[in-house]
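Down below is the structure, laid out as C-alpha cells.
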Amino acid sequence: MSISYVPVGKSGKWDGAMDWLQMLSGFSLILFVWCHAILESSVVISPDVMDAIGHFLESTGMVQVGGPLIFLVFLSHFVLGARKIPFRFDGQKTIWQHAKMLHHLDTWMWIVQIVSAMIILIMASIHMWVALSDLPITAAKSAARIQGGYWAVFFLILIPLVHLHVGIGFYRIGVKWGFVKDCNRAKFKKVVDVIVTAFVVLGLITLARYYFMSVN
C-alpha cells in the first residue's frame with residue numbers, strides 16, 4: 001500500500017496562498033458592504049436619488065455583472081474561511097473551552113465571526129437572490145418589500161450582523177497581516193467600533209425610511 005503525502009514546504013506555501021486569497025476576498029467584500037450601505041442610504045435623501053443611482057448601475061451593466069461576481073467572491077471567501085472552522089462537535093467544544101479559559105477578546109471576536117458567517121451565508125444569499133432576480137431595483141419596490149411580510153425583521157437581524165462581521169474582519173486583517181501594531185491595536189479597535197456603529201445606525205435609518213415610505 002502506498003501512502004501519498006504533501007511536502008511540508010509546499011503545504012505551507014499553499015496555506016499561505018489560501019490565506020492571502022481569503023484576506024483579499026474579505027477586504028473586497030468589506031469595501032462592497034460599506035459602498036452598498038452608503039449607496040442604499042441615498043433613499044434617505046430622496047427615493048429619486050436612489051432610483052437614479054440604481055438606473056445608472058443597471059444601465060452600465062454593473063448590477064448584472066457585478067452582482068453575480070460579488071456572489072462568487074462571497075462564496076469563495078466562505079469556502080476559504082471554512083478551512084479553519086471546526087465543524088465537528090468535539091472541535092467546537094474545545095474552542096469554546098479555550099475561549100472561556102483564555103478570556104482573550106480577539107478569541108471571542110473570532111468565535112463571533114464564525115457564528116455570524118454561518119447565519120450571513122444563508123441570509124445574504126437570500127437577499128442577493130431576491131434583489132438580482134427582481135430587477136430593476138427601485139426605492140418603491142424595496143419599500144413595498146420591507147413593508148410586507150417579515151422582511152423588516154429579516155433586515156433588523158441582517159444589518160447589525162453583517163456590519164459586526166465586517167468590522168471584526170477588518171480588525172483581524174489589520175492585526176494578522178501586520179498593518180496594525182501591538183502599540184496601537186486598542187486605538188484601532190476603537191476606530192473600528194465607531195465605524196461599525198455608524199454603519200449599523202445608517203442601515204437602521206435606511207430601513208426605517210423604507211418602512212415609513214409611501215409606495216402609492
On the first, second and third principal axes, largest extent first, how far apart are the outermost C-alpha atoms of the stretch 10-212 in Å?
-> 51, 35, 34
Calculate one ³J(HN,Hα) per residue across the stretch 184-197 by plugging θ = phi - 60° into the Karplus curve 6.51 cos²θ - 1.76 cosθ + 1.60, and present them in order as whole Hz with x for glycine and proline.
-> 10, 5, 4, 5, 5, 4, 5, 5, 5, 4, 5, 4, 4, 4
Euclidean distance between Cα centres, the stretch 39-70 to the stretch 167-208, Å | 25 Å
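Just so you know, all these numbers are worked out from the coordinates, no wet-lab data involved. On a predicted model such as this, the values are computed, not experimentally measured, just so you know.
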